[in-house]
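Here the structure is laid out as structure tokens; the discussion comes afterwards.
The values are calculated or read from the model by the stated rules, or taken from the named source; none is laboratory data. Here the structure is a predicted model, which means the values were calculated and not measured. Positions of Cβ are backbone-derived with ideal geometry, glycine not excepted, and every protein chain shown enters the neighbour counts.
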Amino acid sequence: MYRFIKHISGRNITALALAFSLGLSMFVTSCKSGDDKKLKPADYGSYGADFARQLAKDFPDRAPYSEGEKSAGEVIRQEMVKLKYEPEVQSFTTKNGTSANYVVKIQGTGFYDLNEGGDVKMKHRIAIIGAHYDNLPPADKKKSTVNAKSTAKKDGTTEAPALEYSYDGINDNASGTACLLTAMKAFSEYPPFSYDVYFVAFGAGNDDYAGAREFYNSLTSEEKLRIDVMYCTESLYAGDKVYASSGYKSLNSQNRYKMRRKLYQAYDVCFANTLYTNYGFDLYYNESGVKTDLNGDGTEDIYNEVSANKSDYIVFDEAGIPIVFFDSFEYNFTKMDEMKETKNLNLQNYGGMIRRTNDDSAIFLDSMLIEPDYDRNGDGEIDCSGDRLQIRINAIAFIIVESLLKGSDYGMTKAQYDEYLKEKEKEEATETETSLTVMPSTRKTTAETSETSEETTETTTAATTKAPTKKPTKKPTKKPTKKPTSKAKKKSN
């Protein structure tokens, strides 16, 4: 896991990391209020969903390089300022026009890295969180109508008024942009992170990820080498399930675990923080198992843990950087050409696809997907939102931010380093205690051995003393007896 693994057992490292992650999570959520309702993870309210709906409503046409995209970008910049950040406006021009990225870089405290000699060196690693804010209206953009959900009238009858709607890109990608801002809002509620974190709203994502390419190319060589992971959010609303996926580079069996380690950490966060219990939110693996050539290298791959959908993460995946991509879709099919966003029978105007169709509309999707708020835990109080968009934005933002606490493969967070020192002190104390326990026993044994040796020597001496008296000597005397006895005692000492 880390290079300091030799100092602590694997079981201890896992326990320490999990305890720290869960402990800090509890600390952060409990800081918000004494109210029990605020103790739930990912309890960010309607902030993200409200922003997504407003962005879609005010700027339904946000095509790359358009006035709508430019205006939407300025609103995003202003929102970052409201969240008390100072975004950098990174303008860029391609052959198709001019756009901009909005970038916030937050320096972390760094990671503690132990070299082979046990010396500590601080290392700074980077985590990138990004989403594109532009959209791509369908060529046949049109207005349609949908019946709203029935409402009760005063006379006891019900009505379902017809609502007019048109494309606004609430799904792709107002939802992902709002998730980015929600993560930024949540991020400020935590103590300083070890990671240097870069938040980026990409422009012109629908022009071959132009904004993501511009941002990546703007990084120094040293920054590129320090990137641990890139998190990307897109189209979170309409799909039947929310998936987290790794990049296509992870299809290489030699790199699989390295490239998917951050993906697995995201699932760990989801499962450890009761998001399903609190909100009915679950995070899925793509486990379709279809065999097909996914990356165009002429070899069939097993289709799991990667996405059918490409987004800004592609730029980082191509550079060999681990990515975690969140989007909503439906992979429960046996053939690639059957896969689509939804099986919902009310969302089949375009064969179950929503992105880049006229059904990617807040009015339409809200009329089909929002459910009444309800009592999830059965205590008689309405405590759970029926707004799918709100739940998904909040849960994914929470998963991303909490995943940063899992640390880096290149060093320890401060909490992990402190735990390492405590563990080392315990080991040294145990070794000292063991040494002190063994030493008296050793001295006792030596003394006993000395006594035994002395007794044996005296016995031998006595025997030696008697021997000469039995022999016929002309001058029997005690002198020979005393002499060997004296020597024996001196020797034994």
Do any residues in region 379-392 that are part of a loop (DSSP other than H, G, I, E, B) have Cβ atoms under 7 Å from those of residues that are buried (at least 21 other Cβ atoms within 10 Å of the Cβ), where the two are at least six apart or on different chains, and which pairs are they? Ser385/Ile391; Asp387/Ala49
If we ask which residues in region 404-429 are loosely packed, with under 14 Cβ neighbours inside 10 Å, of a type in the set (Gly, Ala, Ser) and at pLDDT 85 or above, their number turns out to be 0
Restricting the search to region 206-218, which residues are under 11 Å from Gly130 (Cα atoms) and either among the small types (Gly, Ala, Ser) or assigned to a loop (DSSP other than H, G, I, E, B) (or both)? Gly211, Ala212
Cβ pairs under 6 Å, 6+ apart, first in region 105-134 and more than 30 Å from Ile170 (Cβ to Cβ), second part of a strand (DSSP E or B) and hydroxyl-bearing (Ser, Thr, Tyr): Phe111/Ser408; Val120/Tyr112; Arg125/Ser408
Return the total of residues in region 206-236 being over 20 Å from the mean Cα position of the chain (by Cα), farther than 30 Å from Asp387 by Cβ and among the aliphatic types (A, V, I, L, M). 2
Within region 221-243, tally of residues that are surrounded by fewer than 24 Cβ atoms within 10 Å (Cβ to Cβ) and of a type outside the set (Val, Ile, Thr): 10
In a loop (DSSP other than H, G, I, E, B), in contact with a strand residue (DSSP E or B) (Cβ under 6 Å, 6 or more places away or on another chain) and of a type in the set (Ser, Thr, Tyr): does that describe Tyr167? no
Check Asp359, Asp373 and return the single one that is surrounded by 21 or more Cβ atoms within 10 Å (Cβ to Cβ), among the acidic types (Asp, Glu) and farther than 27 Å from Leu263 by Cα. Asp359
From the residues in region 308-341 that are surrounded by fewer than 24 Cβ atoms within 10 Å (Cβ to Cβ) and of a type in the set (S, T, N, Q), which one is modelled with the highest pLDDT? Asn309
Within 18 Å of Asp301 (Cβ to Cβ) and either aliphatic (A, V, I, L, M) or surrounded by 16 or more Cβ atoms within 10 Å (Cβ to Cβ) (or both), is that true of Gly247? yes
Going through region 56-80 one residue at a time, which ones are within 29 Å of Val269 (Cα to Cα) and of a type outside the set (Asp, Glu)? Ile76, Met80
If you check every pair at least six apart or on different chains, which have Cβ atoms under 9 Å apart with a residue in region 76-92 that is more than 15 Å from Ala212 (Cα to Cα) first and a residue that is among the hydroxyl-bearing types (Ser, Thr, Tyr) and assigned to a strand (DSSP E or B) second? Ile76/Tyr102; Arg77/Tyr102; Met80/Tyr102; Pro87/Tyr102
Reported set for region 80-92 where residues are touching a Ser or Thr at 6+ places or on another chain (Cβ under 8 Å) and outside any loop (DSSP other than H, G, I, E, B) is Gln90, Ser91, Phe92
I'm trying to understand the selection: among the residues of region 259-307, which are aliphatic (A, V, I, L, M), over 13 Å from Phe325 (Cβ atoms) and buried (at least 18 other Cβ atoms within 10 Å of the Cβ)? Val269, Leu275, Val290, Leu294
Looking at Ala362, Ala266, can you tell me which residue is of a type in the set (Gly, Ala, Ser) and under 25 Å from Pro41 (Cα atoms)? Ala266
Hey, Gly68 touching a residue at least 12 places away in the same chain (Cβ under 8 Å) and outside any strand (DSSP E or B) or not: no
For strands (runs of 3 or more DSSP E) lying entirely in region 237-341, having 3 or more residues that are over 19 Å from the mean Cα position of the chain (by Cα) picks out 290-292, 301-303
Conditions (1) more than 30 Å from Arg356 (Cβ to Cβ); (2) assigned to a loop (DSSP other than H, G, I, E, B); (3) among the basic types (Lys, Arg); number of the one not met by Lys142: (1)
Which of the numbered conditions does Ser188 fail, given that it passes all the others? Conditions: (1) crowded, with 23+ Cβ neighbours inside 10 Å; (2) at pLDDT below 95. (1)
Scan region 137-171 for residues that are modelled with pLDDT under 70 and not β-branched (Val, Ile, Thr) and jot them down. Lys149, Ser150, Ala152, Lys153, Lys154, Asp155, Gly156
Name the pairs: first residue in region 182-210 and over 13 Å from Thr94 (Cα atoms) and touching a residue at least 12 places away in the same chain (Cβ under 8 Å), second residue of a type in the set (D, E, K, R) and in a helix (DSSP H, G or I), Cβ to Cβ under 8 Å, at least 6 apart or on different chains? Ser194/Lys414
Considering residues that are free of Cβ contacts under 8 Å to residues at least 24 places away in the same chain and more than 13 Å from Gly239 (Cβ to Cβ), the number found within region 311-340 is 2
